[in-house]
Structures are given as C-alpha cells and as structure tokens.
Amino acid sequence: MKYAALLGVALATVAAGLLLGPASVPAGEFLRSPIVWQLRLPRVVLAYLVGGALGVAGVGLQALVRNPLADPFLLGLSGGAGLGAVVAIALHLPGPWALPLAAFAGAVGAMVLVYRLGLIGGTGGAGGELDPRILLLGGVAVGAFAAAITTALVSLAEAAELRNAFLWLWGGFSAASWTTVLVMLVYAPLPLAVIAAAARPLDLLALGEEPAQYLGADVRRLKQLVYLAASLLTAAAVAMSGVIGFVGLIVPHVCRLLWGRLHRTLIPTSFLTGGILLAVADTLARTAVAPRELPVGIVTALIGVPLFAFLLRQWTVS
Amino acid sequence: MRRWAHRTHLAGFLACIATACGTGNRAPLSAGITVTDDAGRAVTLARPARRIVSLLPSFTELLFAMGAGDRLVGRTAWCDYPPAALAVPNVGDGMPPNIEAVAARRPDLVVLYRSAQNAPAAAQLERLAIPVVVLDLNQLTDLGHAARILGRLTDRKQSADSLARVMDSAAAQPPAPSTHSLVFIVWDNPPIIIGAGSYLDRLAALAGGRNVFHDIGSPSAQVSIETIAARDPDFVAVLSDSATQPSFAARPEWRVVRAVRRGHFLLLPGQLFGRPSPRVAQAVRELRRRLNGEGGAP
C-alpha cells in the first residue's frame with residue numbers, strides 16, 4: 001500500500017520534472033525536443049537517483065553510529081570532495097570529467113582516512129573493529145582539515161576561477177546528462193544492495209552492539225560493509241551534484257516517523273522519499289525564479305524543514 | 001621636469017586664492033584638494049597625490065592613461081596593463097586588501113573599489129591616517145567619473161578630463177544595431193551568466209551583440225542550461241586567455257545549446273574584456289570584429 005502510494009508520487013514527481021521548466025516547449029514538439037530528452041529527463045532522473053542514494057546512505061550511517069544526527073556528509077566526505085575539486089581546478093586538469101572525478105577521489109580519500117582512524121584494536125585490516133564514536137570524531141576532524149586546506153588553496157592561488165569551485169560544491173544538477181545517469185545506474189546498485197541486505201542485522205544493531213552479536217549478527221563485518229557502502233554512495237552523489245546536505249539527515253527520520261523503524265521498510269522508503277524530495281526540489285529550483293535558478297540545496301531545506309517540523313510535531317503530540 | 005612645472009603652477013594658483021580671499025586673517029582651508037568620493041566621503045589631500053596604491057586593475061589603467069602612472073607605488077596582483085604596471089610593486093590580490101602591505105608602501109593616496117568587502121579596509125586605512133578614495137567601477141559610465149576624480153586628486157585634471165570625455169562619449173553611444181546574439185558564461189557548473197547590470201552587457205550592445213540575458217537586471221545570475229538552450233544565442237562568449245574551447249564544450253548536456261554544438265565560442269582575453277578600462281573603444285572594435293568576422297559567423 002505505502003509502496004503503491006510512494007511509487008505514484010515518485011512517478012508524478014518525475015512527470016512534473018519533465019513537464020515543467022524555464023523554457024516553454026510546444027506540446028507538439030514535446031516528444032522530439034532535445035530540451036526534454038537531453039536536459040530535463042536526465043536531470044530529473046539523476047536528481048532522483050542522488051536523492052535516493054543519499055536517503056539510503058543516511059539510513060545506513062544513522063543505524064551504524066546509532067546517532068540521529070548522522071548525515072552522510074558528516075563523515076568528512078564533503079571536505080574531501082571539495083579539496084579534490086579545488087585541486088582539479090588549480091592544476092587545470094584537462095577534460096570535461098576532471099572535476100567530478102577529482103571530487104570523487106577526494107571523497108574516497110577522506111573515507112579511507114576516516115575508516116583507518118575509526119578502525120581500532122588489532123593491527124591492519126584483519127583484526128580491527130570500527131568504533132562508531134571514533135568514526136564520527138574522525139569524520140569531523142578529517143572534514144575540517146580538508147576544508148582548511150581547500151580554503152587556503154583558494155585564498156592563496158591567483159586563479160579567480162577557484163572561487164567558483166565553491167559554487168559547484170554547494171550542489172546542483174546542472175551537470176546532469178545521460179552519461180551521468182548511466183554512471184549512477186551502474187555504480188549505485190551494489191552499495192544499495194549491500195545496505196539493503198543488511199536490513200535485519202541493522203535492526204539488531206539498534207539494540208546495541210553486544211546484544212546484536214549475541215543474536216547472531218556479525219557486527220564487525222556489518223559495520224565495515226555498511227560504512228563503506230554508505231560512504232561510496234555519498235562519494236558518488238557528491239561527484240554528480242556537489243554537497244546537497246540535509247536529504248540524508250532528514251529523509252530517514254521522515255520515513256521512520258511515517259512507517260516505523262524496521263530497516264526492511266526503512267531502506268526502500270528512504271530511497272523513494274529521498275528521490276522525491278530532491279527531484280521536487282530541483283524542479284522548483286529550475287522554475288520558481290525562472291529565468292534564474294536557485295541552488296538546489298536551498299530549496300531542499302526550504303521544503304524539507306517545514307515538512308519535517310510538521311511530522312515531528314505530529315509525532316511528539318500523539 | 002613636467003611635474004615641477006605643475007607644482008609651481010599650483011603654487012601660483014594657491015597664492016592667487018590666498019590674495020583673493022586675503023581679507024580674512026585665517027589661512028584658507030581650500031589649500032588642499034577636496035573631492036567627494038562614491039561612498040559620500042570627503043577626501044582631502046594637502047597636495048596632489050604622489051605615492052598612490054591602486055587596488056583595482058581598472059584604476060591602475062586609468063592612472064596610467066592620464067599620465068599619472070609614475071606615481072603608483074603599489075598595485076594588485078591582477079593589474080597587468082599597461083606593461084609598465086608590472087614594474088610597480090605588487091601588494092597582493094586586493095581581495096581583501098592586505099592593509100600592512102599597502103601601508104608599507106607609505107602611500108599618500110589609496111584608490112579602493114567600493115564594495116561591502118572593502119569597507120573595513122577603508123576604515124582601517126583611515127585609522128592609519130592614509131587618505132583613501134572609494135570609487136564605483138561596475139559600469140562603463142563609471143569610468144569617466146572615476147577618471148575625473150582621480151584627475152583632481154593627482155592634479156592631472158586636463159588629461160583626465162579629456163580621457164573622461166572620450167569614455168563618456170563611448171558610454172553614451174547609442175547601441176549598434178544588433179547583428180548577433182550572445183551569452184556570456186562566467187562559470188559552467190552551475191551555469192553563471194552575465195546580466196544587464198554589467199559592463200559586458202553594455203560592451204556587447206555597443207559592438208552589435210545582443211546579450212540574450214539582458215532581461216536579468218543583476219550583473220550575473222545562475223540559470224539552467226535549458227534556459228540558455230531555449231534562448232539560443234549565436235555565440236557563447238567566455239573570458240579566457242587560452243585559444244582552446246572551454247572544457248564544458250565537450251559535455252553532453254552543454255551540447256544541447258546550438259552555439260556550443262557548433263563551436264561558436266568567443267574566447268575573450270581577460271586583460272581587455274575582464275574589466276571596464278580606458279581601452280573600451282578597442283574592446284568594442286575587437287568584439288565587433290569577432291562577431292562579424294572570424295570564428296565563423298552563424
């Protein structure tokens with residue numbers, strides 16, 4: 001039932017994203033227009049995929065660190081991605097894909113560093129175990145350090161274009177094309193499947209690490225897999241669209257309030273809801289102040305926060 | 001030599017004033033130069049500025065053009081024209097101004113661009129008793145005004161005024177009938193374009209180019225590629241010192257824009273096009289030539 005409703009809303013969202021836009025496309029040309037096929041459709045699909053990926057990454061990380069404030073970007077990935085992007089611009093790395101690739105590399109670099117910091121006990125990869133608290137602290141520290149290097153580069157370098165790297169970092173779907181959609185479609189299913197497969201152990205983890213262990217979950221492995229999968233999803237999202245905060249933080253909470261805490265439900269609903277939120281936000285960003293455009297992260301917060309506050313109120317009153 | 005001549009001339013002028021209002025017993029306050037700058041501040045110099053720090057490339061160019069370039073003792077990292085400017089000590093990128101580096105040049109006048117970011121710098125320099133003149137320089141029409149004020153502060157009134165007249169007449173020209181449309185792209189992701197409130201919009205109009213985003217009032221704005229594609233400009237203009245197309249030209253989403261697909265790029269060197277400058281007439285000629293000639297007219 002809830003899936004039928006969510007799918008209906010999702011389809012309506014995609015349809016609205018296709019029909020609405022700053023350019024007027026005559027109805028007769030609609031099916032042939034490159035504006036629809038090459039710009040609107042890949043953009044709304046990419047926004048949906050990124051929103052869904054961030055929603056699922058948020059679910060995974062919040063379960064992993066057992067902290068409702070966890071956001072996929074809290075673990076240092078935005079700082080790493082920003083550093084990668086600025087380095088790509090500063091070094092004039094050639095090619096149309098240099099910037100997203102460098103951002104991805106930066107995010108993965110930050111992820112590896114935070115992972116190593118969080119891995120305690122035992123030596124090397126074999127015996128270590130992730131400590132969620134250290135992960136959070138390490139993420140914040142690595143993110144802050146990367147951001148400091150980024151800002152230093154921007155203020156010291158003489159390239160005026162470096163300042164524009166921040167514009168990119170604030171997030172948006174201007175770079176959407178069928179190529180980016182294809183990359184996301186090939187890339188995202190594996191980490192999504194890893195998190196989806198961990199639905200039941202994640203439920204157990206909510207009881208605490210020791211009880212989960214007694215109930216048969218391989219907690220050590222679970223934490224490593226979920227952390228890596230969520231981070232790789234976030235790294236791809238940041239490479240496609242910059243740092244769009246808030247989706248990964250709020251969407252899991254919204255889904256928990258509406259449909260309960262079981263991860264078997266939470267993971268798919270978070271994917272669908274995250275996609276809806278980001279696709280709606282991007283459509284509004286393109287159309288609300290046309291011919292100008294708003295940064296999508298602002299719209300996400302503008303529609304997401306009231307929605308979230310309303311649900312929270314309903315929940316605390318009842 | 002010439003500077004001496006000016007100074008003796010000035011001395012004579014002041015002596016005249018002194019005798020003219022010599023009936024009073026107090027020394028005339030008008031002994032120095034006072035102008036009101038674009039921030040509404042009264043700027044008073046005891047004598048024409050001889051050690052100037054210019055914190056914007058346009059001001060540096062204006063000072064050289066009015067023959068006061070030899071009085072510059074500091075410039076920004078961006079001030080690269082005329083070539084003689086490169087011999088002036090660099091005081092940093094000016095964003096925001098490095099107050100210590102500026103003060104170390106012991107200037108008797110600092111020329112500052114009026115912006116919110118520069119306001120604290122003006123206040124700090126004032127506390128150091130360094131005279132500051134704060135000027136607008138966003139539009140073509142600001143050039144003549146800035147030249148006149150700088151001319152008075154440097155006692156190069158005559159050449160500054162004739163320079164200002166040339167630039168005012170360039171700014172006041174009716175726009176040429178537009179032969180082509182264009183979009184100025186400042187950044188590709190997110191796409192930032194130039195709107196009507198900018199120097200480049202006016203420059204394009206003078207050269208016979210219609211900015212397809214003339215309806216956007218602000219100097220620059222973020223738009224979607226879809227809007228650019230729908231407005232279908234003949235040319236995509238980017239400020240670039242390189243001769244190769246920008247890297248976004250190869251991205252599939254940009255190739256929906258006809259001018260990008262056809263490679264109709266105008267690569268405009270930043271030194272000539274990146275800022276309002278006394279060489280505006282040259283910039284207009286150059287842009288017109290590129291719109292109509294080379295680069296393949298559509």
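The values are calculated or read from the model by the stated rules, or taken from the named source; none is laboratory data. This one's a predicted model, so the numbers in the text were calculated from it and none came from an experiment. Cβ sites come from the backbone with ideal geometry, for glycine too, and all protein chains shown count toward neighbours.
Among the helices (runs of 4 or more DSSP H) contained in region B:30-131, which hold 2 or more residues that are hydrophobic (A, V, I, L, M, F, W, C) and touching a His at 6+ places or on another chain (Cβ under 6 Å)? Don't jump to the end; show me each part of the working.
On the way: elements: B:57-65, B:99-104, B:119-127.
Output list is empty.
If I filter region A:1-44 down to residues being more than 14 Å from every other protein chain (Cβ to nearest Cβ) and not in a helix (DSSP H, G or I), which single residue comes out as nearest to B:Pro190 (Cα to Cα)? Break it down stepwise before answering.
Going through region A:1-44, the residues more than 14 Å from every other protein chain (Cβ to nearest Cβ) turn out to be A:1-16, A:27-28, A:31.
Filter once more, keeping what is not in a helix (DSSP H, G or I): A:1, A:31.
On the way: A:Met1: 39, A:Leu31: 26 Å.
Out of the qualifying residues, it is A:Leu31.
When you go through A:Ala70, A:Ala88, A:Ala63, A:Ala53 one by one, which is the residue that is surrounded by fewer than 24 Cβ atoms within 10 Å (Cβ to Cβ) and either not basic (Lys, Arg) or not in a loop (DSSP other than H, G, I, E, B) (or both)? Don't jump to the end; show me each part of the working.
On the way: A:Ala70 fails: surrounded by fewer than 24 Cβ atoms within 10 Å (Cβ to Cβ); A:Ala63 fails: surrounded by fewer than 24 Cβ atoms within 10 Å (Cβ to Cβ); A:Ala53 fails: surrounded by fewer than 24 Cβ atoms within 10 Å (Cβ to Cβ).
After applying the criteria, what remains is A:Ala88.
Being modelled with pLDDT of 90 or more and touching a strand residue (DSSP E or B) at 6+ places or on another chain (Cβ under 6 Å), is that true of even one residue in region A:292-311?
There is at least one residue in region A:292-311 that is modelled with pLDDT of 90 or more and touching a strand residue (DSSP E or B) at 6+ places or on another chain (Cβ under 6 Å).
Mind checking whether some residue in region A:192-205 is of a type in the set (Lys, Arg) and within 14 Å of another protein chain (Cβ to nearest Cβ)? Steps first, answer last, please.
Quick first cut of region A:192-205, residues of a type in the set (Lys, Arg) only: A:200.
Narrowing further to those that are within 14 Å of another protein chain (Cβ to nearest Cβ): none.
No, because not a single residue in region A:192-205 is of a type in the set (Lys, Arg) and within 14 Å of another protein chain (Cβ to nearest Cβ).
Quick test for you: out of A:Gly297, A:Gly275, pick the one residue that is out of contact with any Asp or Glu (no Cβ under 8 Å at 6 or more places or on another chain), within 14 Å of chain B (Cβ to nearest Cβ) and buried (at least 17 other Cβ atoms within 10 Å of the Cβ). If you could, list the steps in order and put the result at the bottom.
Values: A:Gly275 fails: within 14 Å of chain B (Cβ to nearest Cβ).
Every option except A:Gly297 fails the conditions.
Under 8 Å between Cβ atoms, which residue pairs at least 6 apart in sequence (or on different chains) link something in region A:123-142 that is under 16 Å from A:Pro72 (Cβ atoms) with a partner that is modelled with pLDDT of 90 or more and β-branched (Val, Ile, Thr)?
A:Leu135/A:Val114; A:Gly138/A:Val114; A:Gly139/A:Val114; A:Val142/A:Val114
Of everything in region B:216-273, what is charged (D, E, K, R), more than 7 Å from every other protein chain (Cβ to nearest Cβ) and either free of Cβ contacts under 8 Å to residues at least 40 places away in the same chain or touching a helix residue (DSSP H, G or I) at 6+ places or on another chain (Cβ under 9 Å) (or both)? Give them in sequence order.
So the first thing to find is which residues in region B:216-273 are charged (D, E, K, R), and the list is B:226, B:231-232, B:234, B:241, B:251, B:253, B:255, B:258, B:261-262.
Among the residues that remain, those that are also more than 7 Å from every other protein chain (Cβ to nearest Cβ) are: B:231-232, B:234, B:241, B:255, B:258, B:261-262.
Passing the criteria: B:Asp232, B:Asp234, B:Asp241, B:Arg255, B:Arg258, B:Arg261, B:Arg262.
Restricting to region A:196-236, what's the tally of residues that are part of a helix (DSSP H, G or I) and either within 14 Å of the chain's Cα centre (by Cα) or free of Cβ contacts under 8 Å to residues at least 12 places away in the same chain (or both)? Give the steps one after another, and end with the answer.
The first filter runs over region A:196-236 and keeps only residues part of a helix (DSSP H, G or I), leaving A:196-197, A:199-205, A:209-214, A:219-236.
Then keep just the ones that are either within 14 Å of the chain's Cα centre (by Cα) or free of Cβ contacts under 8 Å to residues at least 12 places away in the same chain (or both); that gives A:197, A:209-214, A:221, A:227-236.
The total comes to 18.
Take the residues of region B:169-195 that are within 17 Å of the chain's Cα centre (by Cα) and crowded, with 17+ Cβ neighbours inside 10 Å: which is nearest to the other protein chains (Cβ to nearest Cβ)?
Checked region B:169-195; the qualifying residue nearest to the other protein chains (Cβ to nearest Cβ) is B:Ile194.
With the requirement that a residue be within 14 Å of chain B (Cβ to nearest Cβ), part of a helix (DSSP H, G or I) and at pLDDT 90 or above, what does region A:127-183 give you?
If the condition is that a residue be within 14 Å of chain B (Cβ to nearest Cβ), part of a helix (DSSP H, G or I) and at pLDDT 90 or above, then A:Trp178, A:Thr179, A:Thr180, A:Val181, A:Leu182, A:Val183 are the ones that fit.
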